[in-house]
Amino acid sequence: MSGTIRLHDYQIDIIRRLHEEWRSYRSVMVQMPTGTGKTHVLAAVVKEFLDGGGGCVWIVAHRRELVAQIEDTAARFGMDGADGRVRVMSVQWLARHREDTGEEPELVVIDEAHHALAETYRALWDRCPGAKFLGLTATPCRMGHEGFMGLFDALVRSWTVAEFIEKGRLSAFDYMSIRAGSSEQRLIDSLEKRGANGDYQTREMDALLNRRPSIERLYRSVRRFADGRKGIVYAVSIDHARRIAEYYCEKG
């Protein structure tokens, strides 16, 4: 399908179901768990669209790092962007350079589409009335309980995380989080300011949790539950991640 990258059976299946929904609906959201290859699905769909005679494609992400990752994957699928048919942009750049985007798209792809409730994304539907839309996300829900049906007409879901693990496509894992009633949880519960998507705002979360006592407690939890095991520690921000890493290095 891609010429250089072989897709898994579940990726081929979800692309097939996406095309079925596109026969009836203009705007479709695809949900796939983290680690199951959403970016490969994205690139394969765009490649098929172009090979089928489709026009300009915009791929919109919410961070510059994701733009670079998508561009790298698109290049592996034979799309280097040199002919201008594929534009990979951050939503912030797009909002500031509305007049510099050139040809209007026939397909708009939104990576991490759970961010699409923000006004910078919503404007795309009005700006590109003739385009198809594809949104990809691992989490098609928001803490503010606001749905996406005002933007996406249909949802195509892949296997659950449990099914991916059962079929050997994802590793089994244990998940540890902040204890209910803990000091950190009480601090978080005290936050009232939310973003447009209903989530806590990074700046406020960082101010509460990017502190030595909180990082020390996190370290003790890692030693208790994951000592000698491979794992991932989720942080609030890049600076928070760096400070966690610095503290862990201090501890060897």
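The values are calculated or read from the model by the stated rules, or taken from the named source; none is laboratory data. Keep in mind that what you see is a predicted model, and the values were worked out from it rather than measured. Cβ placement follows ideal geometry from the backbone for every residue including glycine, while neighbour counts extend to all protein chains displayed. Ligands, DNA and RNA are excluded from the accessible area calculation, which covers all protein heavy atoms including side chains. Shrake-Rupley method; radii C 1.70, N 1.55, O 1.52, S 1.80 Å.
Since residue 15 meets every condition but one in (1) surrounded by fewer than 16 Cβ atoms within 10 Å (Cβ to Cβ); (2) assigned to a helix (DSSP H, G or I), which condition does it not meet?
Single failed check for residue 15: (1).
Residue 130: open to solvent by 30 Å² or more (accessible area, probe 1.4 Å), under 30 Å from residue 95 (Cα atoms) and either under 19 Å from the mean Cα position of the chain (by Cα) or modelled with pLDDT under 90 (or both), yes or no?
Details: open to solvent by 30 Å² or more (accessible area, probe 1.4 Å): yes; under 30 Å from residue 95 (Cα atoms): yes; either under 19 Å from the mean Cα position of the chain (by Cα) or modelled with pLDDT under 90 (or both): no.
When the stated conditions are applied, residue 130 does not pass them.
Considering only the stretch 239-252, state which residues are small (Gly, Ala, Ser) and in a helix (DSSP H, G or I).
241, 245
For the structure I just gave you, tell me whether residue 113 is crowded, with 21+ Cβ neighbours inside 10 Å and within 18 Å of the chain's Cα centre (by Cα).
Values: crowded, with 21+ Cβ neighbours inside 10 Å: yes; within 18 Å of the chain's Cα centre (by Cα): yes.
Spelling it out, residue 113 is indeed crowded, with 21+ Cβ neighbours inside 10 Å and within 18 Å of the chain's Cα centre (by Cα).
State all residues of the stretch 56-78 that are modelled with pLDDT under 90, within 15 Å of residue 109 (Cβ to Cβ) and assigned to a helix (DSSP H, G or I); if no residue qualifies, say none.
66 - this is the single residue of the stretch 56-78 that is modelled with pLDDT under 90, within 15 Å of residue 109 (Cβ to Cβ) and assigned to a helix (DSSP H, G or I).
If the requirement is being of a type in the set (D, E, K, R), more than 20 Å from the chain's Cα centre (by Cα) and closer than 25 Å to residue 112 by Cα, which of these qualifies: 184, 204?
204
Do you know which residues across the stretch 69-86 are under 18 Å from residue 135 (Cα atoms) and of a type in the set (A, V, I, L, M, F, W, C)?
If the condition is that a residue be under 18 Å from residue 135 (Cα atoms) and of a type in the set (A, V, I, L, M, F, W, C), then 70, 74, 86 are the ones that fit.
Kindly indicate whether residue 236 is touching a Ser or Thr at 6+ places or on another chain (Cβ under 8 Å) and at pLDDT below 95.
Values: touching a Ser or Thr at 6+ places or on another chain (Cβ under 8 Å): yes; at pLDDT below 95: yes.
Against the criterion (touching a Ser or Thr at 6+ places or on another chain (Cβ under 8 Å) and at pLDDT below 95), residue 236 qualifies.
List the number of the failed condition for residue 142; all other conditions in (1) basic (Lys, Arg); (2) at pLDDT 85 or above; (3) within 23 Å of the chain's Cα centre (by Cα) hold.
So residue 142 meets the others, but not (2).
Pick out the one residue from 35, 81, 53 that is in a loop (DSSP other than H, G, I, E, B), touching a residue at least 60 places away in the same chain (Cβ under 8 Å), open to solvent by 20 Å² or more (accessible area, probe 1.4 Å) and on the phi > 0 side of the Ramachandran plot. Spell out the reasoning first.
Values: 81 fails: touching a residue at least 60 places away in the same chain (Cβ under 8 Å); 53 fails: touching a residue at least 60 places away in the same chain (Cβ under 8 Å).
Answer to the check: 35.
Identify the single condition in (1) in contact (Cβ under 8 Å) with a residue 40 or more places away in the chain; (2) open to solvent by 80 Å² or more (accessible area, probe 1.4 Å); (3) under 27 Å from residue 232 (Cβ atoms) that residue 29 does not satisfy, given that it satisfies every other one.
(2)
Considering each residue of the stretch 98-109, count those that are buried (at least 17 other Cβ atoms within 10 Å of the Cβ) and in a loop (DSSP other than H, G, I, E, B), and give that number. Don't jump to the end; show me each part of the working.
Quick first cut of the stretch 98-109, residues buried (at least 17 other Cβ atoms within 10 Å of the Cβ) only: 105-109.
With in a loop (DSSP other than H, G, I, E, B) added as a condition, the list becomes 105-106.
Residues in the stretch 98-109 being buried (at least 17 other Cβ atoms within 10 Å of the Cβ) and in a loop (DSSP other than H, G, I, E, B): 2 in total.
If you go through the stretch 110-129, how many residues are among the β-branched types (Val, Ile, Thr) and not in a helix (DSSP H, G or I)?
Applying the first criterion (among the β-branched types (Val, Ile, Thr)) to the stretch 110-129 yields 110, 120.
From what is left, the residues that are not in a helix (DSSP H, G or I) are 110.
Matching residues across the stretch 110-129 total 1.
Restricting to helices (runs of 4 or more DSSP H) lying wholly in the stretch 161-238: which have 2 or more residues that are open to solvent by less than 90 Å² (accessible area, probe 1.4 Å) and in contact with a Leu (Cβ under 7 Å, 6 or more places away or on another chain)?
Those helices (runs of 4 or more DSSP H) span 161-166, 183-189, 202-209.
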